[in-house]
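What follows is one structure encoded as structure tokens, with my remarks underneath.
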Ligand SMILES: Nc1ncnc2c1ncn2[C@@H]1O[C@H](COP(=O)(O)OP(=O)(O)O)[C@@H](O)[C@H]1O
Ligand SMILES: [Mg+2]
């Protein structure tokens, strides 16, 4: 039990403790003298009473501080699970709550870091194992060194290269070491260029580019926005049926430039709509397909858009297919 928990300030608490203990001392003193007790006994008795009073009232006032010391030591050892009792409403209570919030935040960051390491190792191991198996077969002359084998090996190496590049990109974006280089560019030009590049891997794509107003420009880092669009269009191409149209559009309102990429594929279910932006997140279908990506494309896109202080999301109201919406401040 902490009797002074409802009070909202340490000063008031100390005031209450002092007044109460002085009052107890005075009452004890008076009663003791009236009962004819010797002065020394009265003084000792009322002193003890006052100490008891302080002990009772001030109970728990500083214990969160001691708990914090213990928890901070645990954290330094890498254990983020300790929490501090934060029932009081004063400054110590506030500090305890802030401390608990910080501890949860750190615990989450630590979990994400572990997940990241696990994911990265897994993603790197897959193509490396495949390459190793193929090379062993070649050396043991189990398979012929034909162009098809080499092409498959090249694919695995390209996959490794892509993964490492994306990881580097993501870490540079997250650490903020590459500042954005703002400039004014033609939106249509950028959309068309990203479309052309993303199409290089598959010819059978109908890409529609719609820009209103037609000659509009945007003020952002064109290199980075190109990367976002490329990732979105590449996803759209990969997920939509052959020959189905993909619409890339841009329009501008007073405060925003909105870029959208829409396809006629299976779309993204509502419950996955926010998870697809997590690093390494892939739907089960994408995970099992052999030519799938790394699951980093949308994570990179979100970082870039957020660096521009914009937002990116899946339009879950789209009736069919997948529609990605990027909003950039104009
Ligand atoms: N246009 C789309 N249609 C359907 N699903 C999509 C689309 N774009 C992305 N996704 C889903 O989001 C996941 C994450 O995308 P992304 O980060 O680009 O990774 P990757 O493309 O490497 O799989 C994909 O694996 C897929 O499940
Ligand atoms: Mg992708």
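Relative to the present Cα-Cα distance, how much length would full extension add between residue 217 and residue 146 at 0.36 nm per residue of separation?
Here the segment from residue 217 to residue 146 would lengthen by 20.5 nm.
Just to be sure I understand: if I project the alpha-carbon convex hull of segment 146-216 onto a plane and average over all orientations, what area do I get in nm²? Let's see the in-between values first.
Details: hull surface 29.2 nm².
With the hull built on Cα positions only, its mean projection is 7.3 nm².
May I ask for the angle, rounded to the nearest 10°, between helix 147-175 and the longest principal axis of the chain, with both axes built from Cα atoms and the value confined to 0 to 90°?
The angle comes out at about 40 degrees.
Based on the Cβ-Cβ distance from residue 135 to residue 197, what FRET efficiency comes out when R0 is 45 Å, to the nearest 0.05? Each step should come with its number before you reach the end.
On the way: r = 32 Å, r/R0 = 0.70.
In this case the efficiency is close to 0.90.
What are the equivalent ellipsoid semi-axes of segment 6-95, built from the alpha-carbon gyration tensor (square roots of five times its eigenvalues), in whole angstrom, biggest first? It would help to have the intermediate numbers written out before the result.
Numbers: eigenvalues 298, 42, 10 Å².
After scaling each eigenvalue by five and taking roots: 39, 14, 7 Å.
Given 0.36 nm per residue, what is the gain on full extension from residue 109 to residue 62 after removing their alpha carbon distance, in nm?
Details: separation 47, 0.36 × 47 = 16.92 nm, distance 2.91 nm.
Extra length from residue 109 to residue 62 when fully extended: 14.0 nm.
Using the eigenvalues of the Cα gyration tensor, what equivalent ellipsoid semi-axes result for segment 35-168 when each is taken as the square root of five times the eigenvalue, whole Å, largest first? Intermediate results must be reported in sequence, preceding the final value.
Values: eigenvalues 1013, 38, 10 Å².
Three semi-axes, in Å: 71, 14, 7.
For segment 112-175, what does the equivalent ellipsoid look like in terms of its semi-axes, each the square root of 5 times an eigenvalue of the Cα gyration tensor, given largest first in whole Å?
Working: eigenvalues 182, 34, 6 Å².
Over the Cα atoms of segment 112-175, the semi-axes work out to 30, 13, 6 Å.
Rounded to a whole number, what is D in µm²/s for the chain from Stokes-Einstein with the Kirkwood radius over alpha-carbon pairs (37 °C, 0.692 mPa s)? Display every interim value, and only then the final one.
Details: Rh = 25.6 Å.
In µm²/s, the coefficient rounds to 128.
So if I average 1/r over every pair of distinct C-alpha atoms in segment 183-329 and take the inverse, what Kirkwood radius in Å does that give?
Answer for segment 183-329: a Kirkwood hydrodynamic radius of 15.3 Å.
When the Cα centres of segment 34-97 and segment 196-227 are compared, how far apart do they sit, in Å?
65
Taking only DSSP H segments of four or more residues, each worth -39500 (n - 2.57), what value at 222 nm results for the chain once the sum is divided by all its residues, to the nearest 500 deg cm²/dmol? Please report the intermediate quantities before stating the final value.
Values: 9 runs with 183 residues, N = 330.
That calculation yields -19000 deg cm²/dmol at 222 nm.
Say R0 is 22 Å: what FRET efficiency, to the nearest 0.05, do residue 9 and residue 55 get from their beta-carbon distance?
Details: r = 21 Å, r/R0 = 0.95.
Approximately 0.60, to the nearest 0.05.
What angle do you read, to the nearest 10 degrees and between 0 and 90, between the alpha-carbon axis of helix 63-76 and the longest principal axis of the chain?
Compared with the principal axis, the helix lies near 30 degrees.
Kindly express, to the nearest 10 degrees and within the range 0 to 90, the angle between helix 39-57's C-alpha long axis and the longest C-alpha principal axis of the chain.
That works out to roughly 20 degrees.
Among 261, 120, 142, which one shows the highest mean-square fluctuation when the chain is modelled as a Gaussian network with alpha-carbon springs under 10 Å?
Maximum among the listed residues: 142.
Throughout, read-outs are computed from the coordinates displayed, never taken from laboratory work. Everything quoted here is computed from the prediction, not taken from an experiment. All Cβ positions, even for glycine, are placed from backbone atoms using ideal geometry, and neighbour counts span all protein chains on display.
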